[in-house]
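Just below is one structure, and these are the notes that go with it.
The values are calculated or read from the model by the stated rules, or taken from the named source; none is laboratory data. Because the structure is a prediction, the values reported are computed rather than measured. FYI the Cβ positions are ideal-geometry reconstructions off the backbone, even for glycines, and counts take in every protein chain you see. Side chains are part of the model used for accessible areas, which takes the heavy atoms of the whole protein and leaves out ligands, DNA and RNA. Shrake-Rupley method; radii C 1.70, N 1.55, O 1.52, S 1.80 Å.
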Amino acid sequence: MIVYAIYVAKLVPAVDGTGYGKDEFFDPLRENHGKPEDSMKGLGRTSTEIAGEPYRDIAIHFLGKEWTSYKKVLMQKFPVSKMISISSLSSSIMKTGKGPEKPSANVHLEELDDPQRFAEEGVKYITLQEYVSRLPELKDEISRAWHASDRVTSFNFSIKVAKLLSDTSVLQLYPTLFVLATEILDMLGDMVWERIRQKAEYTEDGTLVHLPGNFQATEICAEAKETCYNWFCKVGSIRELLPRIYLELAICHCWRFLSEQPANNLPRLVMMARGITDPLASFYCRLYLAHCAQKLPQRDIGHLIISMNDMKTLLMNGAQVASVEKPSGALSGTRSSKLGLMEPAIEYVMKCLFKESCEQLQIGDILMGLGLARNQSELFGNSSCVSLVLHHLLRELPIRIVCSNALDILHLIECSNDYSFDQCLNYKLLGLRLCENISHVNEVNLVMKKVIQVVSQFNSLDEYLNVIDAHVDIALQKHMDSYLDSILDGIFERTLDVGIGENELSSLQSILLKLLNHFDNLEHILRLNHFNQILSMMQGSSRTIVNMRILSIATRYSCVRDPTTIQFLFEVSRSLHDSIDLSTIKEKENNHSAHLVSRFIHMVDYDSEVKRHLDFLVQCRGAFGSMSEVKEMIVHSSNLLVVKATRNDISDVIFVKSCIACSEVTIPSIPSHLKQLNLYLETAEVALMAGLVSHSDGLVDSALRCLHNVDLFEGSRIPKDIDGFQSTLCKFCSLIVMIPGNIERGVTSIPRNMFSILSSLSWMLPSMKAKVLCALILTVAALSQNNLLYHAIHDEVMGNDSLFYCDQQYLQELFSFSTVLLQSLIDTVLQEPIQAARGNLALDACNAVASSFEVCQGASEICSKLVETAKLSLSSNNKYLQSTIKFLNNRGFLQRGES
């Protein structure tokens, strides 16, 4: 007890903090006056006010998941090269446990005797993996020693780990070192806590009791308290300041066993951190202090405000960042690196500061404590703040405070122009925060006016776009058209001067997308100042994204008629086509970009100016040669012009032939043979509709050649689009009925050629071939009628029923071909290997025969044979079998005994 009393007297000096808050920056290790608790008065809820609150698990949750996540981000943000240099101090510590060490005094004497040799040997190079792997080894050694009851060794090793944090010779390594070292210190703190807690679960008379989570120090037995005293005495005996602070922070939550107000020790630790001379080590020590403070039940923000003010003072005095004019290389090299490395400490402390400070009164206390507010009503009354601190303050401030004080914050940013952080990024952050709740922004017109005044002073396009990007939503939502015109004028003027670089493209893309999403009307967008000129200066993926958005908006409507709009969208589409990787288009024909361009072409409508429309399609064919989907749409549109001309009685044969020629030369450039086949058939039908029989014959011949090249497998084991292929062939069969027969080539030349090609396709499955043969049989039956079921709509195109009326040779040729088809159909059905499928195919064939032929012995025998095949393959209860037998009986194709 006496030892601890002496320790406490040394640990908590009598200080008077009346001078704190002025320009004087004092260190309690050098000055023996000042009371750190006084600086905490009036800063929100104090320890005394919330002493009765229970210990909350949310703090542990934060320390668990959020702290782990934060450490990962910290290490990722500052990656380290594979080889690193370490000082002699770090080298000696990293060799802990691997042999005898020289006393530090001897090392210093050697340095004085031979400084050159020491300088050469003082820095050693090792791999990052060697360095990083040594710390987990130390962690394991500490854990093993602890569980072997060798707590002195554990403690000594922990001191050595803490000493590593005083070495900032390798700046980029320090965050990684901090994370690994604090993991070890946290482990030590947890082990000390658990040891004391186990002792605390016994009363003075040795009875085992349950210790609640919100226990009080008065409930702790003397033995547990004595153990706790001893640990704090051990920490107090460490000579070096930095490891002493870190070790006490690691076990600071153990103060709960000794004091009802453990948070009262935090201001002393904050004051002690002022004695750390290295700014980087000092900042990270404060970061760890903020982390450890959250293990305590009290939520006192005073120590966080002191820490933040101390870091702010170090930035202003040490980094000399407050000058208005930037000297040559002011933030280059080491200084710039250190500022970046210091930022996580400011960020974390600020997060902790605002984590639970949600009340208006407490926010005012924080801002007054940081020297920004004059009183509770003037939250941003003072003139300036360190830019880096201001940035993280803006990130954490409640949105209601930001919106209600936007003008004052703008003035504060304007006055805080130093090189700890880019001023324009603070303007940008303010805009992003205001956009979280635009409707609650006070004096929004004055805010936007001030923003426009500020950015007008920027010569840099990058800075201008950064700030405008964050504020443009306000101008859009509040319908500030005059400010919007000023913004676009400013962008255009700066792009003319310097062009658009890679850094500016992403911001410009964001601004244009916001404009497009807001107006959602192409005509309104085209009326915006310099929109087209600014868009034309963009390039790369940003231009592609904006182009796709423009086409998405344009293609929502039924048609596009305005010539200016059509030309603008054509240029947008061409730019999109030229920027796309051609290999991607080949692999994915349904590419979104190609679909948008295709949709645009489909929507173009020149009304009665059909020749102008055809010229547009020809222009598109030359511009979008790499997009197969677009070429398909060109063929469809060209054919649609023929249909429109036919319906409107436009008797310009040259125009119709030009449209068909456009389609005919476009189809071969489409890579898919199946799609070519469909387009040839469509164009042939259109030609027949226009009375161009010779053109139709040529297109059908092209379709047959294309059919010969179709392969649904295309190297894979599973055929693609079987249904689509069968549907196309059925359409082909339907078209054959309308095409006049050619006496020279044979009236059945087209279906015979089709049958011949199908028979030569080795990849054709029996099920596919059988269905096509059924369609051919029905086609032959249709051609044999005295009156065809349908004809071409053009008066000059005569059907076969007129050309070969009662022509016996014609009928004989049809009968001869049908015999071949029937035999092939029966053979194909029997080739189907799957029993159930074979039965269904037999029934399909049976229905086709019964529908196509009159009752005769030959047809009855074929039907009987097919029914027997179906009965052997299907259940007698099969509905398709039963309905087919009934149909055959009604038609008279089956004898009574056969059914």
Checking the structure you have, find out if any residue of region 491-498 is buried (at least 19 other Cβ atoms within 10 Å of the Cβ), touching a Ser or Thr at 6+ places or on another chain (Cβ under 7 Å) and part of a helix (DSSP H, G or I). no
Which one is farthest from L773 (Cα to Cα), of the residues in region 849-894 that are in contact (Cβ under 8 Å) with a residue 12 or more places away in the chain and of a type in the set (S, T, N, Q)? N878
Restricting to region 860-880, give me the number of residues that are open to solvent by 40 Å² or more (accessible area, probe 1.4 Å) and over 25 Å from L814 (Cα atoms). 9
Can you tell me how many residues within region 804-819 are in a helix (DSSP H, G or I) and surrounded by fewer than 14 Cβ atoms within 10 Å (Cβ to Cβ)? 6
Which pairs do you get when a residue that is without any contact (Cβ under 8 Å) to a residue 12 or more places away in the chain, found in region 626-639, comes within reach of a residue that is crowded, with 23+ Cβ neighbours inside 10 Å and in a helix (DSSP H, G or I), reach meaning Cβ atoms under 8 angstrom, with the pair 6+ apart or on two chains? none
Can you tell me which residue within region 832-859, out of those that are assigned to a loop (DSSP other than H, G, I, E, B) and in contact with a Lys or Arg (Cβ under 7 Å, 6 or more places away or on another chain), is farthest from L811 (Cα to Cα)? E832
Those residues that are among the acidic types (D, E) and surrounded by fewer than 20 Cβ atoms within 10 Å (Cβ to Cβ), I need them from region 820-833; list them, please. D827
If you go through L173, L208, the only one that is in contact with a strand residue (DSSP E or B) (Cβ under 9 Å, 6 or more places away or on another chain) and open to solvent by 50 Å² or more (accessible area, probe 1.4 Å) is L208
Report, ordered by the first and then the second residue, all pairs with beta carbons closer than 6 Å, sequence separation of six or more or different chains, a first member in region 128-148 that is among the small types (G, A, S), and a second member that is modelled with pLDDT under 95 and surrounded by 12 or more Cβ atoms within 10 Å (Cβ to Cβ). A145/T153; A145/S154
Region 727-803: helices (runs of 4 or more DSSP H) wholly inside it with 2 or more residues that are surrounded by fewer than 20 Cβ atoms within 10 Å (Cβ to Cβ), out of contact with any Leu (no Cβ under 8 Å at 6 or more places or on another chain) and free of Cβ contacts under 8 Å to residues at least 12 places away in the same chain are 749-760
Which residues, counting only those in region 836-880, are over 20 Å from S824 (Cβ atoms) and of a type outside the set (S, T, Y)? A836, E854, V855, Q857, K871, L872, L874, N877, N878, K879
Which one is farthest from F570 (Cα to Cα) among residues in region 511-544 that are crowded, with 18+ Cβ neighbours inside 10 Å and within 19 Å of the chain's Cα centre (by Cα)? I511
Please specify each residue of region 499-510 satisfying the condition of being open to solvent by 50 Å² or more (accessible area, probe 1.4 Å) and polar (S, T, N, Q). N503, S506
Tell me yes or no: at least one residue of region 686-708 is within 41 Å of the chain's Cα centre (by Cα) and of a type in the set (V, I, T). no
Just to be sure before I move on: is G892 open to solvent by less than 60 Å² (accessible area, probe 1.4 Å) and closer than 28 Å to M764 by Cβ in the structure I sent? no
Can you go through L171, L180, L164 and tell me which one is among the aliphatic types (A, V, I, L, M) and either touching a Gly at 6+ places or on another chain (Cβ under 6 Å) or at pLDDT below 90 (or both)? L171
So, T277, is that one at pLDDT below 95, open to solvent by 20 Å² or more (accessible area, probe 1.4 Å) and in a helix (DSSP H, G or I) or not? no
Taking region 174-226 and keeping residues in a loop (DSSP other than H, G, I, E, B) and in contact with an Asp or Glu (Cβ under 8 Å, 6 or more places away or on another chain) leaves V209, H210, L211, G213, Q216, C221
Failed item in (1) surrounded by 21 or more Cβ atoms within 10 Å (Cβ to Cβ); (2) more than 30 Å from L339 (Cβ to Cβ); (3) of a type in the set (D, E, K, R), with D418 passing the rest: (2)
Check V597, V630, V635, V618 and return the single one that is of a type in the set (A, V, I, L, M), assigned to a helix (DSSP H, G or I), within 30 Å of I545 (Cβ to Cβ) and open to solvent by 40 Å² or more (accessible area, probe 1.4 Å). V618
Take Y606 and decide whether it is at pLDDT 90 or above, open to solvent by 10 Å² or more (accessible area, probe 1.4 Å) and outside any helix (DSSP H, G or I). yes
Scanning region 478-497 residue by residue, those touching a residue at least 40 places away in the same chain (Cβ under 8 Å) and within 12 Å of V444 (Cβ to Cβ) turn out to be K478
Would you tally the residues in region 159-207 being in contact (Cβ under 8 Å) with a residue 40 or more places away in the chain and hydroxyl-bearing (S, T, Y)? 6
Pick from region 639-689 the residues that are modelled with pLDDT of 90 or more and not in a helix (DSSP H, G or I): which of them is surrounded by the fewest Cβ atoms within 10 Å (Cβ to Cβ)? P671
Residue list for region 389-413, filter: within 17 Å of G371 (Cα to Cα), open to solvent by 10 Å² or more (accessible area, probe 1.4 Å) and assigned to a helix (DSSP H, G or I): H391, E396, D408, H411
